[in-house]
Every structure is written in C-alpha cells, then in structure tokens.
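Participant: Questions regarding the structure given below will be posed in turn.
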Amino acid sequence: MEHSSKQRWYDLAILAIAQFMIVLDVSIVNVALPSMQADLGLSISDLQGIVTAYTLAFGGFLLLGGRAADLYGRKRMFLTGIACFTVMSLVIGIADNAALLVPLRALQGLAAAFMSPAALSLVLSIFTDSKERSKALSVWGAVSAGGATAGLLIGGVLTQYLNWRWNFFVNVPVGLGVFLVAWQMLPAHTAEESSKTLDLPGAILATSGMMLLVYSLSHGNTWGWLTFTTLGYLFLSVVLLLAFIYNESVVAHPLMPLSFFRIGNVAAALGVQLPVTASMFAMFFFLSIYVQSVLHYSPLETGFAFLPVTLMIGVIATQAPRAIRAFGYRKILVVAPFFLATGLILFTYTTIDSTYLHILPGLLIMPIGLGLSFVSITIAATSGVPGRESGLASGLLTTAQQIGGSLGLAIFSGIAAAATSTSLREGNPIGVAQIDGFHGAYYAGVICAMIGATVAYAFIRTVRTSPESAESVALH
C-alpha cells in the first residue's frame, strides 16, 4: 500500500529511533563500565569483553543481516532484530552473573546486525522521491553521527542518578514501543529477490573473517602488533576474506555479488566512510578520556561537555540536503573532512592546564564535517542501487562504519601509547606524557580525514539514473 507523504515521515521517525538505539548502545555502555565493574567485581579484561563482544557480533553479521533483508523481507527482519535486541537488553539488565554478560552482549550485537541494515533499506524503499529521500537520509546521517555523543549524556544521567542497569533497561520500553508501532505502521515489504537461496558458505566466510579482523584489531595494541598472535589472527582473517571473495565469484546466488561494487559510488563511498569514521572515533575516545582524567568531569558533566557536538550535528545534517543540491555530494565530501581535520588540529593545542573553553572551538567545528560527511556518504553510497539490493548496500555501509571505527581506534591507541612512552623518556611527567599521546592520536585522525577527502576527490562521481528507477538523488 502506498503511504502518504505524512505517513512516510512517521515511518522514518520509527526507523530512526531504532537506529538511534543501536548507535546509542555503544557509548551509553562505555559510561556505565566503571559502575558495572564495582557492582559485579569485573576485571579490566571482562570490561573489554563486554564492549568487544557487541562490536564483534554487530560488525561481523552486518553483511548477512543486510542480505537477509533483501531475501526474506525488510520489515520481517527489522521486527525480528528489534524484538531480539529488546529482549537481550532486558536480560542483560537483570543479569547478576558476570560470565553471562559477554555472550548476552554478543547476542545483542547480532540482533543489531539484522535490525540496522533492514531499517535503512526500508528508508530507501519508502522514500522514492529524490528530494524527500535526501531529507530522509539527512535525518539518518544525523542519527548515526550524533547518537554516540547523545549516549554519553544519557548514560551519564542514568548511571549517576539510577544505576548502570538502566543503561540497558531504557531500551525495553523504547524497543517494545517501536516494535508495536512498526508492526502496525510500516509497509509490508516482502522479499524482492526471486531466489530465497542464502549463500551460507559465503555468510560463514564473511562473518568469521570480519569478526576475526575486528577482534585482532581490537586486541593488537594489548598483544603487540608484531607478535605471532596478532599477525596470525590478521593473516587468518585475510585468508577467510579472500576465500569469501573467491566464493562470491563462483556461486550462483552470492551473498555479495562482486558486480555490486560497480554500481554508482558504492565502492568509493565505502572508501570515504572508513577513514572518516576512524577520525571520529579518535576524537570521541581520546577526548572523553581527556575530559574525565584531566578536567576531572563526572560522567554527567562529560555528557554535557559533548552536547554541542550533538546539537551541531543535528543542525548541520538537516541543512545538508540544501548544500548537496547546491554543490553536489562530491564537492561536499571533498571539503567536509577538512572541518574534521581542523577540529582535531585544535585539540592538539590542549595542555594539562587547559579548560573546557580550549576544546569548545574544536567541538563546534568538527560536527560540521561529521554532519555533512555522514549524510553525503549515505546518499552517495545508495544512489543508483537497485531496490532489490538496498539491504546489501545498507549492510555494507554500516560494516564500513564499524570496521573504520575499530581500525582507527586500534591504530590510534598504538600511536598514543608510543607517543606517551616517548614523552616519558624525555622526562615529562605522566600527565603531560598522556596528553602528548592524545596529540599523536589527533594527528593520525587528521591524516585519516585527509585520506577521506582524497578518495572523494579521486573516485566519487555523479550518478544519474532513469526517473523510473527512483534511485537517483538527482544531485550535481
């Protein structure tokens, strides 16, 4: 049934809330980790496992989740994902056994991997008008980029005034409400592929390869980058991913048709997404530590410190379609990373005696780049993609975000540790040395942002398709 224009925006609101829950869940849990440690007697490795389990499952199963939406129906996969995500949130919230938290978080990440690409592919199928779609994707970009900072604020409030369990309980009423409303309101999109054959060997190879890559990158700094363990896991992940590529080239119904990367700007947009997301993770992770360890902010104060980022991303993302119509997403993607880089450079001037006013300019400039980048990347990656493969495009886009973040955080943590050690050898006190390490990570983020701008300049191109396909954003 064709939805009215007003109804489509109600649909977007429901889907955006679901995406917000997924993005929020990472940062909101980070704020709660110290309280979880004190309450359940967790070790540092336990805390790392709680975070990594979600990331591994989410990043590893995204491609499978996106393809399942294409094969078995987007609405069905979305409802299944959000139901499982809500149940897992409740179970984690009431869990008293620390040993259960890691597998439960993995199951929660698995549910998110099916929910997120199905939600974005529903957005793409509901909004077929080019102008409306660009506005819808700007909202989606704002939610994806701003959810992490909002999580710091919400997590700080819940942890400080209730307890850590409410960081999970909060998903239950929201998830239940989204499920019931989506069940009634969302259009009943069915599968668009004639074949229901799922490439199970490809799914196993892709999922295991991606999970192993994320796992090795997440632990490389702890194990040592040149140790046998790290290199062995990285080598095995590469072998599995190469085997996946070979499998996709020979099977009749591939999980990810290799020809898909020749459509529009799919490959180029993913190439921009990886370094831009890496830069964003560098800012959030190291600046959060700086605010709490140097400025001595509480969890709640830390959340409010990042509030300008959330607000700015919301404002910029809503104005992004107008800018893209005026200049085209290629030009936006070339310029936007420079705002990201400028903010990171400003953070390198922080010292042990700095105040919040010293980081505020960077917090106001970086969101300009983030808001414009996320909206433009989403539009560039999905323009020209056939409707029957929108789930795959959504899964790939979110996978690039997860891998970019994991890769950036792992590499930047190593750079920060090396810079800190060098500063200590030069005779600087530990506080100064730690800030020198942060500066090293910020400079690495600047390089990643410039890589994103370079990829956009070299490879992003205008995509124009026929009006009947309704897949073009019809932008310059």
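The values are calculated or read from the model by the stated rules, or taken from the named source; none is laboratory data. This structure is a prediction, so every number in the text was calculated from the model and none was measured. Reconstructed Cβ throughout: ideal geometry from the backbone, glycine too, with neighbour counts over all protein chains shown.
Participant: Determine whether Leu137 is among the aliphatic types (A, V, I, L, M), surrounded by fewer than 21 Cβ atoms within 10 Å (Cβ to Cβ) and over 29 Å from Val291 (Cβ atoms).
Facilitator: No, not satisfied.
Residues checked against (1) surrounded by 14 or more Cβ atoms within 10 Å (Cβ to Cβ); (2) touching a helix residue (DSSP H, G or I) at 6+ places or on another chain (Cβ under 8 Å); (3) of a type in the set (S, T, N, Q):
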site: Ser216; (1), (2), (3): yes, yes, yes
site: Phe228; (1), (2), (3): no, no, no
site: Tyr246; (1), (2), (3): no, no, no
site: Val251; (1), (2), (3): yes, yes, no
site: Pro254; (1), (2), (3): yes, yes, no
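Participant: Looking at Phe347 and the list (1) among the aromatic types (Phe, Trp, Tyr); (2) over 20 Å from Gln273 (Cβ atoms); (3) surrounded by fewer than 20 Cβ atoms within 10 Å (Cβ to Cβ); (4) under 23 Å from the mean Cα position of the chain (by Cα), which single condition is not satisfied?
Facilitator: If we test Phe347 against (1) among the aromatic types (Phe, Trp, Tyr); (2) over 20 Å from Gln273 (Cβ atoms); (3) surrounded by fewer than 20 Cβ atoms within 10 Å (Cβ to Cβ); (4) under 23 Å from the mean Cα position of the chain (by Cα), just (3) comes out false.
Participant: Only one residue in Ile94, Ile82 is of a type in the set (Val, Ile, Thr), buried (at least 24 other Cβ atoms within 10 Å of the Cβ) and farther than 22 Å from Leu255 by Cα, so which one is that?
Facilitator: Checking each option against the conditions leaves just Ile82.
Participant: Moving on to the next point. If you take the residues in the stretch 209-246 that are touching a Ser or Thr at 6+ places or on another chain (Cβ under 7 Å), assigned to a helix (DSSP H, G or I) and over 19 Å from Gly60 (Cβ atoms), which one is modelled with the lowest pLDDT?
Facilitator: Asn221
Participant: Give just the number: which of (1) over 24 Å from Ile28 (Cα atoms); (2) out of contact with any Lys or Arg (no Cβ under 6 Å at 6 or more places or on another chain) does Tyr290 not satisfy?
Facilitator: Status for Tyr290: all satisfied but (1).
Participant: Then there is this: Kindly evaluate Ser89 against the criterion of being over 24 Å from Leu200 (Cβ atoms), free of Cβ contacts under 8 Å to residues at least 24 places away in the same chain and small (Gly, Ala, Ser).
Facilitator: Here the answer is no, as Ser89 does not meet what is asked.
Participant: For residues that are part of a helix (DSSP H, G or I), under 17 Å from Val446 (Cα atoms) and without any contact (Cβ under 8 Å) to a residue 24 or more places away in the chain, tally how many sit in the stretch 343-361.
Facilitator: Number satisfying all stated conditions: 2.
Participant: Still on this model: Filter the stretch 39-68 for residues that are over 19 Å from the mean Cα position of the chain (by Cα) and at pLDDT 80 or above; which is nearest to Ala305 (Cα to Cα)?
Facilitator: Asp39
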